[in-house]
Every structure is written in C-alpha cells, then in structure tokens.
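Asker: Once you've had a glance at the structure underneath, I'll fire off some questions.
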Amino acid sequence: MIEIDNLCKSFTLHNQGAATIEVMQNANLSVRAGECVGLIGASGAGKSTLMRMVWGNYLATSGHIRVGGLDVARAEPRQIIALRRETLGYVSQFLRVVPRVATLDVVAEPLLALGVETATARARAASLLTRLNIPKRLWPLSPTTFSGGEQQRVNIARGFAHAYPALLLDEPTASLDAGNREVVLDLIEEAKARGAAILGIFHDEAARARVCDRLVDVRDFAVQAA
Amino acid sequence: MNALSQHRPLLSVQHLGKHYGPRIGCTEISFDLYPGEVMGIVGESGSGKSTLLSCMAGHLVPDAGRVVFDTALGPRDTVQMSEAERRRMARTDWAFVHQNPRDGLRMGVSAGGNVGERLMAIGARHYGAIRATAADWLGRVEIAADRIDDAPRAFSGGMQQRLQIARNLVTAPRLVFMDEPTGGLDVSVQARLLDLLRGLVRQMGLSAIIVTHDLAVVRLLADRLMVMKDGRVVETGLTDQVLDDPQHAYTQLLVSSVLQV
C-alpha cells in the first residue's frame, strides 16, 4: 500500500548562506495492507521528515513514494488532495483547525469532504468522541481551548473518522492516560484488521510492541559523512 | 457534474501579463484551476497579485495572454469576449468578493435588496421567491432575519463582508475571485468568516482564487498556493508543502517572517 524507493531529501536554506543539509538518502520501505510499521531512531534522525514526505507537505528531492498507486513525490497538488481525502489519513501531534468550529464538526469534517450526509458524519464523530472519553458538553465547543490531551484525542477521532486504507500516526499515544491509550491502541488494531496499512512513530515502547509488526530504523537512511 | 468536466480545468490562465508603462504589473502567469479547487495567491504589497486578480476577473485588460474559462458552451478565452458577454458571465458563473464590502455592496439598498438584486439580474422576477431566497442566504451567512430590511451601512464590518458573500454566492457561481476577503476584520470575525467560506466552498463545490498576504488564511482555506514577487510567480504547490517546505528563497523569507502566536 505504501512503497518508498530510493528516497532522498535535502534542505537548502537560501537565507542562511544557501546552506544545503542532506538529511536522508536511499530510504526504502514498504507497508502492506493490514500491516503496521514503526519508525525508530533518535530525535532528529528523520522519522518525522519521512512521514511528512509521505503526507506530501515535504517535497522529496529524489526517489518515489507510492501510496495506493500514486507517486506522491511527483503528483500534482490536486492528486495529493484527492489522496488525502480518500486514501491517506494522518494523525499529527498538533491539531490545526479553523477557530470557533465545534469539536463534533471538526471530527466529522473528513466524512463531509467525502460527501457523507451530515447526520451520518456527525453520528460517526459522536461515537468516536464517546469512545475517546471527550465529554459531550465539550462537543459544541471549539477544541482550540482544550487541554493538550483532549486536543490529541480530538485529532485521533478525526484521523479515524474515515476508514482510510493508509494511515500515518505521529505519536498517537503520547500524553494520554492509560484508559485513553488503550482506546487508541484498540482503534489501531481495528484499522489493521480492516486492512489499513499504517506507518507510525511510537515512543511508547509497550504500544509499539503491541501494534507494530515490524520496525524500521531511520538511521539506516542517514547520509554517510564523507 | 459529470466525470469529463472534472478532468478539464475550469479556468486556464496562459502567459497572462499586464504592464503599467515600462513597469511590470504581472508577467508570464500560467496555471490551471480545476473544479472544486481553492487556490491562494500570496505575496507582499506590490507583488502583482491584485493586478493578476483584476486581469483574470476582467476588471483590467491584460496586454498578453489568455484567460480560458470552461463555459456552458465549452472553453472560451474571456479576454477576447465582448464586454456584454463578459458582464453576463460575471453575473452568472463568476463572483468577486472585494476586500472592502463598500466596493461590492450597494450601501443605500436593504440587505435583502442587495441579495435579491443579483437574482433579478439573472432574470428572477417573482418577488416572493426572491425575498425567500434572500432570507435563506442571509441565514446561511448568519445575518439575523430581522435585519433583512436594514441597509448595510447600519451593519458592522464583519456583517457587511458576510452580506457581500451572500450577494455573490446567491446565483450559485462556479468560480469566485476574492481579494483579501478577511482583510480589515478583527481576528475573531475573520475566523467566523473563514469557517463560513470553507463550508460554502465544500457544499457548493465552488472553485475559488483568493488573493491575500495572510499565510494563516491560505493555510486554512486554500488547497494550492502560488507565491508572487515582482510580478512573477516564484513558487507554486500544495499549500502545506509550500508553507512547510518552501523551496524558493523569497518563500523561505516570507514563511520565516511570520510572527508566531
């Protein structure tokens, strides 16, 4: 479902003396349907950079990233937008939403974008928020004022609203209490069972051991010092 | 909308240029906009983004290039259209939201009249139906029903901007040009307007081109981004890619200059 071939990434900082920083070379990785692959490596090793290239907000310098048949490294913006709407979901560590939009609608939005009826989309959003223990009295409020843990659970609910065939998870269990962590791990296992291909970063080692089928060390993709 | 029209650009801008004497307004602008896409154009004052918008919308005559719109009769170069034809299209298929609501509203006419006038311009004649549609649209842009007979000069800036949006969208256009639609509004009012615009774009399947200098606005509203400097496009791409991993020196400067709150 996710196929990464010979992926390289460098950043050129034009306003800092045009310094070029090579961060990744010849990354190869694949995630099959129903499989969860965990990225490991110290902070700064390139886990998030790799995830962002798959999501398409970081541009690949060379190589291929095929998600459900589309090469994200070469796709047109509108193809990536369609991919994100239908095929590829992303639970990032930060919730980025239009201020003032109700939590229920924030979670329902991915379904509305797919043309699902408002009532159906809201019902699905409500069931996820209930599972993730977001009190009903918070649903009409904007999540921008919520605590870190609550925002993260809203973000997870939003990421699982649609049954994406491929999912990127960036530390989905960080800052959650034991009960909510368990709910998130269940959601991940359910997504795998329905055939989702998952690529994730988990610092929580027990969570990693439970949901990941394989681990990939991004230090293997580091640029060798000359 | 059939499958074929989804795969054909709604708007195709080709080598568009406009000079003011020896000075470049904008030059060599080319891009395709597809149905349902929202494109942001960013750049500092004087970068040519407003000139470009005016040329595309037919408010300024470009001195080079084509602006091909997929009309009901197939793709047509709107630059070559007669003035009458272009005006008809501007009333039906296109809409233009000005930064200053006073430029897009008739300040002495009631709110209901401002919305109803657009319907009459495309042939609506039944007073009851026009008033009912106007009332429905005032509701959609969150203007209370009891304000339908008030003139917009009695409205706040945010309400005036929402009224301008209702007046523009009531005829169900396919393409909306917006010039700094949230400029000059309080941040809280901006958020409300952004939420409203996002909902309308999704529900109506609108395509839109939004000119702004506010990167936060395009991040939330635009699928794609075009960055302009000195009348030229320096970078284009998916909005979050251009903002998170900018490639051009100017875009890197622009993104790194935003104050974090």
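Asker: Hey, among the residues in the stretch A:67-86 that are in contact with a strand residue (DSSP E or B) (Cβ under 6 Å, 6 or more places away or on another chain) and in a loop (DSSP other than H, G, I, E, B), which one's most open to solvent (accessible area, probe 1.4 Å)?
Answerer: A:ALA73
Asker: Consider only pairs whose beta carbons are under 6 Å apart and that are at least six residues apart or on different chains; among these, list those whose first residue lies in the stretch A:88-117 and is within 15 Å of B:LEU200 (Cα to Cα) and within 12 Å of chain B (Cβ to nearest Cβ) and whose second residue is charged (D, E, K, R) and buried (at least 16 other Cβ atoms within 10 Å of the Cβ).
Answerer: A:VAL98/B:ASP195; A:VAL101/B:ASP195
Asker: Which of the residues belonging to the stretch B:25-52 are surrounded by fewer than 17 Cβ atoms within 10 Å (Cβ to Cβ) and at pLDDT below 95?
Answerer: B:GLU44, B:SER45, B:GLY46
Asker: Please pick out the residue among A:ARG32, A:ARG84 that is under 20 Å from A:PHE160 (Cα atoms) and within 11 Å of chain B (Cβ to nearest Cβ).
Answerer: Result: A:ARG84 is the single residue among A:ARG32, A:ARG84 that is under 20 Å from A:PHE160 (Cα atoms) and within 11 Å of chain B (Cβ to nearest Cβ).
Asker: Next question, about the same structure. Within the stretch A:59-66, can one find any residue that is charged (D, E, K, R) and facing chain B (nearest Cβ under 10 Å)?
Answerer: Checked against the condition, which is being charged (D, E, K, R) and facing chain B (nearest Cβ under 10 Å), the stretch A:59-66 yields no hits at all.
Asker: Something else now. Give me the residue from the stretch B:151-163 that is part of a helix (DSSP H, G or I) and open to solvent by 20 Å² or more (accessible area, probe 1.4 Å) and, out of that set, nearest to B:GLY183 (Cα to Cα).
Answerer: Of everything passing the filter in the stretch B:151-163, B:GLY157 is nearest to B:GLY183 (Cα to Cα).
Asker: Here are the criteria: (1) in contact with a His (Cβ under 9 Å, 6 or more places away or on another chain); (2) away from every other protein chain (no Cβ under 14 Å). Tell me which single one A:ALA73 does not satisfy.
Answerer: Failed condition: (2).
Asker: It is to be established whether one or more residues within the stretch A:145-163 are farther than 21 Å from A:GLU182 by Cβ, part of a helix (DSSP H, G or I) and not basic (Lys, Arg).
Answerer: Checked against the condition, which is being farther than 21 Å from A:GLU182 by Cβ, part of a helix (DSSP H, G or I) and not basic (Lys, Arg), the stretch A:145-163 yields at least one hit.
Asker: Do you know which of the residues in the stretch A:102-149 that are β-branched (Val, Ile, Thr) and surrounded by fewer than 20 Cβ atoms within 10 Å (Cβ to Cβ) is nearest to the chain's Cα centre (by Cα)? Reasoning before the result, please.
Answerer: Initial filter on the stretch A:102-149 (β-branched (Val, Ile, Thr)): A:103, A:106-107, A:116, A:118, A:120, A:130, A:134, A:144-145.
Right, trim to surrounded by fewer than 20 Cβ atoms within 10 Å (Cβ to Cβ) and you get A:116, A:118, A:120, A:130, A:144-145.
Values: A:VAL116: 22, A:THR118: 24, A:THR120: 24, A:THR130: 21, A:THR144: 20, A:THR145: 22 Å.
The selected residue is A:THR144.
Asker: Here's something else I'd like to know. Are there any pairs, at least 6 apart or on different chains, whose C-beta atoms fall under 8 Å, with the first in the stretch A:156-172 and open to solvent by 20 Å² or more (accessible area, probe 1.4 Å) and the second among the hydroxyl-bearing types (Ser, Thr, Tyr) and part of a loop (DSSP other than H, G, I, E, B), and if so, which?
Answerer: Taking only residues 6 or more apart or on different chains, the pairs are A:PRO165/A:THR87.
Asker: Please return the ranges of helices (runs of 4 or more DSSP H) entirely within the stretch B:77-150 where 1 or more residues are buried (at least 20 other Cβ atoms within 10 Å of the Cβ) and touching a residue at least 40 places away in the same chain (Cβ under 8 Å).
Answerer: Per the criteria, B:101-104, B:111-121.
Asker: Only one of (1) open to solvent by 10 Å² or more (accessible area, probe 1.4 Å); (2) within 14 Å of chain A (Cβ to nearest Cβ) is not met by B:THR182, so which one is it?
Answerer: (1)
Asker: Please find, among B:ARG153, B:ARG147, the residue that is in contact with a Leu (Cβ under 8 Å, 6 or more places away or on another chain) and more than 14 Å from chain A (Cβ to nearest Cβ).
Answerer: Working: B:ARG153 fails: in contact with a Leu (Cβ under 8 Å, 6 or more places away or on another chain).
Result: B:ARG147 is the single residue among B:ARG153, B:ARG147 that is in contact with a Leu (Cβ under 8 Å, 6 or more places away or on another chain) and more than 14 Å from chain A (Cβ to nearest Cβ).
Asker: Do you know which of the residues in the stretch A:1-29 that are surrounded by 15 or more Cβ atoms within 10 Å (Cβ to Cβ) and either in a loop (DSSP other than H, G, I, E, B) or polar (S, T, N, Q) (or both) is farthest from the chain's Cα centre (by Cα)?
Answerer: By that ranking, first place goes to A:HIS14.
Asker: Now for a separate question. Identify all residues within the stretch B:230-242 that are part of a strand (DSSP E or B) and within 13 Å of another protein chain (Cβ to nearest Cβ); write none if there are none.
Answerer: Passing the criteria: B:VAL234, B:GLU235, B:THR236, B:GLY237, B:LEU238.
Asker: Condition test on B:VAL258, is it aliphatic (A, V, I, L, M), facing chain A (nearest Cβ under 9 Å) and surrounded by fewer than 22 Cβ atoms within 10 Å (Cβ to Cβ)?
Answerer: For B:VAL258, the condition - aliphatic (A, V, I, L, M), facing chain A (nearest Cβ under 9 Å) and surrounded by fewer than 22 Cβ atoms within 10 Å (Cβ to Cβ) - is not met.
Asker: From the list B:VAL13, B:VAL68, which residue is over 30 Å from B:GLN252 (Cβ atoms) and in a strand (DSSP E or B)?
Answerer: B:VAL68
Asker: Let me ask you something else. Being in a loop (DSSP other than H, G, I, E, B), within 30 Å of B:VAL187 (Cα to Cα) and not acidic (Asp, Glu), is that true of even one residue in the stretch A:193-209?
Answerer: no
Asker: Could you figure out which of (1) away from chain B (no Cβ under 14 Å); (2) farther than 30 Å from B:GLY36 by Cβ; (3) surrounded by fewer than 20 Cβ atoms within 10 Å (Cβ to Cβ); (4) at pLDDT below 95 isn't true of A:LYS47?
Answerer: The number of the failed condition is (3).
Asker: OK, next. Which condition does B:LEU60 not pass, out of (1) over 17 Å from the mean Cα position of the chain (by Cα); (2) among the hydrophobic types (A, V, I, L, M, F, W, C); (3) open to solvent by 40 Å² or more (accessible area, probe 1.4 Å), if it passes all the others?
Answerer: That leaves (1) as the condition not met.
Asker: A follow-up question, please. All but one of (1) at pLDDT 95 or above; (2) open to solvent by 40 Å² or more (accessible area, probe 1.4 Å) hold for A:LEU185; which doesn't?
Answerer: Here A:LEU185 meets the rest and fails (2).
Asker: May I ask you to say which residue of B:ARG202, B:ARG224 is farther than 23 Å from B:ASP103 by Cα, among the basic types (Lys, Arg) and at pLDDT 85 or above?
Answerer: Details: B:ARG202 fails: at pLDDT 85 or above.
Being farther than 23 Å from B:ASP103 by Cα, among the basic types (Lys, Arg) and at pLDDT 85 or above holds for just one of B:ARG202, B:ARG224, which is B:ARG224.
Asker: Still on this model: How many of the residues making up the stretch B:188-225 are under 19 Å from B:ASP93 (Cβ atoms), within 10 Å of chain A (Cβ to nearest Cβ) and open to solvent by less than 10 Å² (accessible area, probe 1.4 Å)?
Answerer: 1
The values are calculated or read from the model by the stated rules, or taken from the named source; none is laboratory data. This structure is a prediction, so every number in the text was calculated from the model and none was measured. Cβ coordinates were reconstructed from backbone atoms using ideal geometry, including for glycine residues, and neighbour counts include every protein chain displayed. Protein only, heavy atoms only, side chains kept; ligands, DNA and RNA dropped before computing areas. Shrake-Rupley method; radii C 1.70, N 1.55, O 1.52, S 1.80 Å.
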